[in-house]
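The values are calculated or read from the model by the stated rules, or taken from the named source; none is laboratory data. Since we're looking at a predicted model, the values are computed, not measured. Glycine also receives a Cβ, built like all others from the backbone with ideal geometry; neighbour counts cover every protein chain displayed.
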Amino acid sequence: MSLESEDSESISDLDASLKTQDKPIIDAFSHAEHQVLLTTEVAERVDLSDRQVRRRLKDLASRDILGTRKPGRDRLWWLKQNVREPITAQYPLLRFARDRTSVQLLLVGLGVGVVALVLVPIASLAYAYTVSPPLITRETLLEVGLLASMLASGFLIAAVVAAAIGWLGRRVGIKLPR
C-alpha cells in the first residue's frame, strides 16, 4: 500500500506553514527509547493533531528523511538520515544574537572597538618614538583608530537605545521587531 492511498490528501497539497513543524517530529525520534516509532507514538510526543502528524511524517518520508513500512495494521517510521540541527539550535546564544538587533549592534560595536583598541596604541607609540609604520602614515593610523573608536561608541549607544526601546515596547505590550 502506498503512502498516497492511506490518506486521501497528497503530500503536494500540504500547507507551507506545516513545514515548520518538522523539528518536533524529528526530535520525537531522537528522544525516543527505540529507533522505530508508530504514528501514534510520534503524535504522543508532539503538540500536533494526529492528522498533522501523519501529513508531516509522509512529507518527511517523501524527502527521504524518514523510512516507513506497514507490516500490519500500524505504520512504522524511522529516521533514515542523520539529521543535524542548525547551529542556532545547538548554541542558544547564537540564536539569541540572531534574533535581537540590540545584541547585533553590541557585537559590531565590540568588534570595531577591538580594532580601535589595537590601532590607537600603535599610533600613540609611533608618535612617541617617532617611528613611521610601513605602508601607512602615523597620522592616518591615528585617524583610523580614533574613527574606529567613535564608530564603536556609536554602535554601543545604538545597542543600548535598541535594547531600551525593546524593553519599553514589551512593558507597554507593543509588538516590535527584534
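Would you say Ala123 is under 23 Å from the mean Cα position of the chain (by Cα) and in a helix (DSSP H, G or I)?
no
Among the residues of the range 66-79 satisfying the criterion of being in contact (Cβ under 8 Å) with a residue 40 or more places away in the chain and touching a Lys or Arg at 6+ places or on another chain (Cβ under 8 Å), which is surrounded by the fewest Cβ atoms within 10 Å (Cβ to Cβ)?
Going through the qualifying residues, I end up with Leu76.
Can you find a residue that is touching a Leu at 6+ places or on another chain (Cβ under 7 Å), assigned to a helix (DSSP H, G or I) and not hydrophobic (A, V, I, L, M, F, W, C) anywhere in the range 133-146?
Going through the range 133-146, the residues touching a Leu at 6+ places or on another chain (Cβ under 7 Å) turn out to be 133, 141, 144-145.
Narrowing the set further to residues that are assigned to a helix (DSSP H, G or I) leaves 141, 144-145.
From what's left, not hydrophobic (A, V, I, L, M, F, W, C): 145.
Checking the range 133-146: at least one residue is touching a Leu at 6+ places or on another chain (Cβ under 7 Å), assigned to a helix (DSSP H, G or I) and not hydrophobic (A, V, I, L, M, F, W, C).
Give the residues of the range 20-40 that are assigned to a helix (DSSP H, G or I), closer than 15 Å to Thr68 by Cβ and polar (S, T, N, Q), sorted by residue number.
Result: Thr39, Thr40.
For the range 126-178, which residues satisfy the criterion of being among the charged types (D, E, K, R) and under 24 Å from the mean Cα position of the chain (by Cα)?
Result: Arg170, Lys175, Arg178.
Please pick out the residue among Arg84, Arg56, Arg69, Arg100 that is closer than 15 Å to Asp27 by Cα, modelled with pLDDT of 85 or more and of a type in the set (D, E, K, R). Write out each step before concluding.
Numbers: Arg84 fails: modelled with pLDDT of 85 or more; Arg69 fails: closer than 15 Å to Asp27 by Cα; Arg100 fails: closer than 15 Å to Asp27 by Cα.
Testing whether each residue is closer than 15 Å to Asp27 by Cα, modelled with pLDDT of 85 or more and of a type in the set (D, E, K, R) leaves just Arg56.
What number of residues within the range 37-51 are in contact with a strand residue (DSSP E or B) (Cβ under 9 Å, 6 or more places away or on another chain) and either of a type in the set (Gly, Ala, Ser) or loosely packed, with under 14 Cβ neighbours inside 10 Å (or both)?
Going through the range 37-51 one residue at a time, the tally reaches 1.
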